[in-house]
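Undergrad: Before I ask anything, here is the structure I am working with.
The values are calculated or read from the model by the stated rules, or taken from the named source; none is laboratory data. Bear in mind the structure is a predicted one, so any value in this text is a computation, not a measurement. FYI the Cβ positions are ideal-geometry reconstructions off the backbone, even for glycines, and counts take in every protein chain you see.
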């Protein structure tokens, strides 16, 4: 991929283990982005676009590489007929229409190899602007699209927590269970609401004090400072913010039996999954439990068109998939993370879930 006829400049980066990683810049709009395609053996790469004020380029690159790799495994486990991709826009200011349309032009340059969606820092309104310049976008605020994927992400997360309860305590009920939720953003607050109505006791934290106050009012939640959330006594610790928070510094603080949340890349490294296992803490692999949004938007690109009932049915599979992973981990004396990765790799190598029909964009 070289320079386009517009003011966009493409620079392909050689990254071992990745099919294509491209830095995109555009002086006219101020766009500075990275689009990462990790693996397309099962279908075109599909993954959200994150707009974030990264401290430097290396931080942005590390994030997009981790996220696109995770999307490969998420799609392989879910058998959605898509591959792993992600993009980031490095920005600490407003995302102008010119910038978003420049990004759309960058997506077009991949000719369908990469399909974008919303992510942290990218609103549905922003994505709607992007869709004016490219057809390769899903999860749009459009009558024929799936719109906001967060309710499906949350439903999958809730079902994943139920699966953990079933495995650890013999019942899928969360009634009477204490859940510590880290992060009350678009998904964290919705998950808190689902857990509250199912009878759970909530301990919450967020850097936004107004969100915490809302949780107190709506759910009778207990609020703790962000630095204290790891050490609270609870049944389930549920990370719903940014990644890398399960690490050698935080693991010794945990006083829970289960880690099950919908943040991406919760383990700093796979070795942290080993440490959780040693401590008798069940871990719900994040790329499995948070796959609801992907299940949802992939229904949108079926030739039959989007159906919320089909999406709900597909997301509900997360419960059974996680129970299978938990059981296999016990049988093999392996971490749940390793079992999930092995299942994903098996599907990739054997072509299980590979797309058999072209992607259809109904918008």
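Undergrad: Answer with yes or no whether residue 14 is within 28 Å of residue 301 (Cα to Cα) and either modelled with pLDDT of 95 or more or outside the structural domain of residue 336 (by TED's automatic domain parsing) (or both).
TA: No.
Undergrad: Quick check on my filter: what residues within region 286-326 are over 28 Å from residue 242 (Cα atoms) and touching a helix residue (DSSP H, G or I) at 6+ places or on another chain (Cβ under 9 Å)?
TA: 302, 304, 305, 306, 307, 310
Undergrad: Quick check on region 73-81. Is at least one of its residues touching a strand residue (DSSP E or B) at 6+ places or on another chain (Cβ under 7 Å) and free of Cβ contacts under 8 Å to residues at least 60 places away in the same chain?
TA: Among the residues of region 73-81, not one is touching a strand residue (DSSP E or B) at 6+ places or on another chain (Cβ under 7 Å) and free of Cβ contacts under 8 Å to residues at least 60 places away in the same chain, which makes the answer no.
Undergrad: If I filter region 141-156 down to residues being part of a loop (DSSP other than H, G, I, E, B) and in contact (Cβ under 8 Å) with a residue 60 or more places away in the chain, which single residue comes out as nearest to residue 185 (Cα to Cα)?
TA: 149
Undergrad: Do we have residue 88 as surrounded by 21 or more Cβ atoms within 10 Å (Cβ to Cβ) and assigned to a helix (DSSP H, G or I) here?
TA: no
Undergrad: Only one of (1) in contact with a strand residue (DSSP E or B) (Cβ under 7 Å, 6 or more places away or on another chain); (2) free of Cβ contacts under 8 Å to residues at least 40 places away in the same chain fails for residue 248. Which number is that?
TA: Only one criterion in (1) in contact with a strand residue (DSSP E or B) (Cβ under 7 Å, 6 or more places away or on another chain); (2) free of Cβ contacts under 8 Å to residues at least 40 places away in the same chain is unmet by residue 248, namely (1).
Undergrad: Where residues in region 283-322 are free of Cβ contacts under 8 Å to residues at least 60 places away in the same chain, part of a loop (DSSP other than H, G, I, E, B) and over 13 Å from the mean Cα position of the chain (by Cα), which of them is farthest from residue 353 (Cα to Cα)?
TA: 307
Undergrad: What do you reckon, is residue 39 crowded, with 19+ Cβ neighbours inside 10 Å and within 23 Å of residue 133 (Cβ to Cβ)?
TA: no
Undergrad: While we're on this one: Would you please name the residue that is surrounded by the most Cβ atoms within 10 Å (Cβ to Cβ), looking only at residues in region 91-112 that are free of Cβ contacts under 8 Å to residues at least 40 places away in the same chain and touching a helix residue (DSSP H, G or I) at 6+ places or on another chain (Cβ under 8 Å)?
TA: 100
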